[in-house]
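Asker: There's a structure below that I have some questions on.
The values are calculated or read from the model by the stated rules, or taken from the named source; none is laboratory data. Because the structure is predicted, anything quoted here is derived from the model rather than measured. Here the Cβ positions follow ideal geometry from the backbone for every residue, glycine too, while neighbour counts run over all protein chains shown. Accessible surface areas use protein heavy atoms only, side chains included; no ligands, DNA or RNA. Shrake-Rupley method; radii C 1.70, N 1.55, O 1.52, S 1.80 Å.
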Amino acid sequence: MRNLMIAGNWKMNKNYTEGVELAQGLADALAGKDLNGVEVVVCPPTVDLKGVSEVIDQTNAQFSLGAQNVYFEESGAFTGETAPSMLEAVNATYCIIGHSERRGYFGETDEDINKKAKALMTHGIVPISCCGEPLEVREAGKHVEFVVDQIKADTEGLEITDPSKYVIAYEPIWAIGTGKTATADDAQEVCGAIRETLAEIFGKETADGIRVLYGGSAKPGNIAELVAKPDVDGALVGGASLKAEDFSQMVIKAGE
Ligand code: 13P
């Protein structure tokens, strides 16, 4: 019903040359492997997109390309921003939106994220829309309602005709880059609540087709346990996506 997805978010790591090398290493590590239907995505920094896109073409790589951010306008005087059509032109299939680092450091709001999703979908680029609670919300036991509210705001007015073309990543902020993975049960609790919310908004059939990933210190050692949960459809991976060996291991283990 839903193919698992393992997506690597390189964040602000790897310059152009290093990015091309990492993509090449990953292409080599996955070449000829049966991934058991696991879909693999890499999301390099914007200036690396074209180079990684070329590696994918030249090696017929078993992964596709995603960006880490986009702006919702089509073109114009928005210094430093990247339009959806520009991502399309370098063959980006996916784009992360609403990462907690963008919400936290760059002031992105649910309204921005909703506009970005709509702009991407107009261009046929699949959003990987992130949500997740800070530590104090988790400690207050309010994490489910916090995330449900984000999902409602981020999806407002979206039309999802093909559920494989919209992806959510649940990333509890306290688990990002800290080595503190949420337990598989913690991930399932929130990913399950996300799916119930999607069913209320879009209907059960659509909700059952949307991938809900977990992110936050996911690594080769915990991926199998995470994807064994019924509503966890893969992972959005930061640190462990920066080494071809670790990342390819995660892909293989997810598919076993
Ligand atoms: P880490 O895997 O490094 O914790 O990062 C998770 C993340 O933020 C992916 O988007």
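Asker: Could you go through region 61-76 in sequence order and give the Karplus-derived ³J(HN,Hα) for each residue, using 6.51 cos²θ - 1.76 cosθ + 1.60 with θ = phi - 60°, rounded to whole Hz, and x for Gly and Pro?
Answerer: Working through the residues one at a time gives 5, 8, 8, 10, 9, x, 9, 9, 6, 8, 9, 8, 8, 7, 5, x Hz.
Asker: Mind checking which lysines have their C-alpha under 22 Å from residue 253, skipping anything on the same chain fewer than 8 residues away?
Answerer: Of all the lysines, those that pass the test against residue 253 - Cα under 22 Å, at least 8 places apart if same chain - are 33, 180, 219, 229, 243.
Asker: Right, something else. In Å and on Cα atoms, what radius of gyration and Dmax does the chain show?
Answerer: Reported Rg and Dmax, both Å: 16.9, 50.
Asker: Please say if region 131-179 is rounded, prolate or oblate, where rounded means a/c under 1.5 for a ≥ b ≥ c the square roots of the C-alpha gyration tensor eigenvalues, and otherwise the choice is prolate for a/b larger than b/c and oblate otherwise?
Answerer: Oblate, since a/c reaches 1.5 and b/c is not below a/b.
Asker: Of 140, 155, 117, which is farthest towards the positive pole of region 94-198's charge dipole, taken about the Cα centre with +1 and -1 on the beta-carbons of Lys, Arg and Asp, Glu respectively?
Answerer: The residue sitting farthest along the positive end of the dipole is 117.
Asker: Then there's this: Keeping all protein chains in place, calculate the accessible area per residue for region 60-210 (probe 1.4 angstrom), answer in Å².
Answerer: Numbers: 6830 Å² over 151 residues.
Computed with neighbouring chains in place, this is 45 Å² per residue.
Asker: Taking H as built 1.01 Å from N, whose amide H comes closer than 5 Å to the amide H of residue 126, not counting residues under 5 places away?
Answerer: HN-HN under 5 Å from residue 126: 94, 95.
Asker: Shifting gears a bit: Quick one: pull the percent of accessible area on the chain belonging to carbon and sulfur, 1.4 Å probe, ligands and nucleic acids left out. Please list the in-between numbers first.
Answerer: Numbers: 5530 of 11260 Å².
Its accessible area is 49 percent carbon and sulfur atoms.
Asker: Separate question: Using the basic label-point model (7 angstrom from Cα toward the beta carbon), what is the residue 57 to residue 31 distance in nanometres?
Answerer: Result for the modelled spin labels: 1.9 nm.
Asker: For every other residue with a beta carbon closer than 12 angstrom to the beta carbon of residue 156, add +1 if it is Lys or Arg and -1 if Asp or Glu, then tell me the sum.
Answerer: That works out to -2.
Asker: Please report, in debye to the nearest 20, how large the charge dipole of region 74-219 is about its Cα centre when each Lys and Arg carries +1 at its beta carbon and each Asp and Glu carries -1 there. List each step's numbers first, then the result.
Answerer: Working: 14 positive and 25 negative charges, 77 e Å.
Charge dipole, region 74-219, about its Cα centre: 360 debye, nearest 20.
Asker: Now, a different point. Counting Lys and Arg as +1 and Asp and Glu as -1, what is the net charge of the other residues whose Cβ lies under 11 Å from the Cβ of residue 137? Don't skip to the end; give the middle numbers.
Answerer: Values: positive: 138, 142; negative: 133, 136, 139, 145, 149.
Neighbour charge sum, excluding residue 137 itself: -3.
Asker: Same structure, new question: Any idea what the alpha-carbon Rg over 2.2 N^0.38 Å comes to for region 100-147?
Answerer: For region 100-147, the normalised Cα radius of gyration is 1.35.
Asker: Let me ask something else. Could you check the simple spin-label distance between residue 196 and residue 142, using points 7 Å along Cα→Cβ, in nm with one decimal?
Answerer: A separation of 1.9 nm, rounded to one decimal place.
Asker: If amide hydrogens are placed 1.01 Å from N in the peptide plane, which non-local residues have theirs closer than 5 Å to the one on residue 237?
Answerer: 7, 8, 9
Asker: Below 26 Å, Cα to Cα, which lysines can residue 116 reach? Residues fewer than 8 away in the same chain don't count.
Answerer: List returned: 11, 14, 50, 152, 165, 204.
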